[in-house]
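Undergrad: Below you will find the structure I want to go over with you.
The values are calculated or read from the model by the stated rules, or taken from the named source; none is laboratory data. Because the structure is a prediction, the values reported are computed rather than measured. Here Cβ is always computed from backbone atoms with ideal geometry, including for glycine, and neighbour counts include all displayed protein chains. Only protein heavy atoms, including side chains, enter the accessible area calculation; ligands, DNA and RNA are left aside. Shrake-Rupley method; radii C 1.70, N 1.55, O 1.52, S 1.80 Å.
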Amino acid sequence: MYSVLGTMFRCYHKHLCGKHTLFSLLLVLCLFSNALGIGEIMWAVNCGGESHTDVHGIRYEADPMQDVGFASDYGKNLLIQRVVPQDQILYQTERYHLSTFSYDIPVWKDGDYVLVMKFSEVWFTSANQKVFDVVLNGEHTVVSELDIFGRVGRGVAHDEIVPFSIKGGRLRVSGEQSQVDGKKISLEFVKGELDNPKVNAIYVMKGSIEDAPKLAPLPGGENPVEEEEEDDEESPSAKPSKQRRAASPRAKDPYAEDDTSTMLLPVFVAIGAFIPLLFCLCKL
């Protein structure tokens, strides 16, 4: 714990003076609270990268899957959003494969667990380019049709958090059950019709979903890219109806009144000419 606090204070020491002192102290206290609240880490790996200890004290081992797929650090060309600078490496390195690949997680004892998978899209610049599923223990699709860019955009951290439990040799997740064989469970990244599956980092902790540190909120809320695409894909017939509902009542044509005045002018002239004639007739 002391090493975690030391890391936190070293990371934010330069902010602890001047007008930002109060804000920085609150930030450190928030990180300290997260460090105290996280569950017991059972296994963690920095996929495609070297070992790393994050600001919460979670130690990720170097990727042991050297003979499966490809390791990439292309993400180092980007500054990853939603994550502090010292932990960007977790989203800048990755392992991907031209086909389905998997990691073996050494978890089999009874208990409640949380699986956290870290992703960031560092290559594609539009949605529907890289889409894949994630399957736990060979049977349970825990993430379906993951489109990282579609969820958060390019160069933005995204975590998928999946709670599960093991009891009596059976794994339970999302209302489903399966047998745990041996002393490990598999985590598969399933190749789909589009580009290759990938993952940036993974860890499993013992505890509840509340114990897992969360990323900062997205600036535009959830799924900002998907919402924009939904607006773009709106049918032509729907758009005019939206405009009709939003339109204000039609203003009266100012020229209509002028036309009426012009039409009445001859009437007034005739009346004006008839009054003197009527007066003369009365005098006779």
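Undergrad: For the list (1) farther than 21 Å from GLY39 by Cα; (2) assigned to a loop (DSSP other than H, G, I, E, B); (3) out of contact with any Cys (no Cβ under 9 Å at 6 or more places or on another chain), I need the number of the one condition that LYS109 fails.
TA: (1)
Undergrad: Do you know which of the residues in the stretch 184-212 that are in a loop (DSSP other than H, G, I, E, B), at negative phi and modelled with pLDDT of 95 or more is surrounded by the most Cβ atoms within 10 Å (Cβ to Cβ)? Give the derivation first.
TA: Going through the stretch 184-212, the residues in a loop (DSSP other than H, G, I, E, B) turn out to be 184, 191-197, 200, 207-208, 212.
From what's left, at negative phi: 184, 191-197, 200, 208, 212.
Going one step further and asking which of them are modelled with pLDDT of 95 or more, we end up with 184, 191, 196-197, 200, 208, 212.
Working: LYS184: 15, LYS191: 16, ASN196: 17, PRO197: 25, ASN200: 29, SER208: 12, ALA212: 22.
Filtering first and then ranking leaves ASN200.
Undergrad: Right, next: Can you pull out every residue in the stretch 103-154 that is surrounded by 18 or more Cβ atoms within 10 Å (Cβ to Cβ), of a type in the set (Ser, Thr, Tyr) and over 27 Å from LEU78 (Cβ atoms)?
TA: Across the stretch 103-154, the qualifying residue is only TYR113.
Undergrad: Next up: Between a residue in the stretch 56-69 that is touching a residue at least 12 places away in the same chain (Cβ under 8 Å) and within 21 Å of LEU215 (Cβ to Cβ) and any residue that is open to solvent by 20 Å² or more (accessible area, probe 1.4 Å) and part of a loop (DSSP other than H, G, I, E, B), which pairs come within a Cβ distance under 8 Å, given they are 6 or more apart or on different chains?
TA: Going by the 8 Å Cβ cut-off, the qualifying pairs are HIS56/ILE38; GLY57/MET1; GLY57/ILE38; ILE58/ILE38; ARG59/SER51; TYR60/SER51.
Undergrad: Inspect all residues belonging to the stretch 74-92 and state whether any of them is under 13 Å from VAL199 (Cα atoms) and assigned to a loop (DSSP other than H, G, I, E, B).
TA: no
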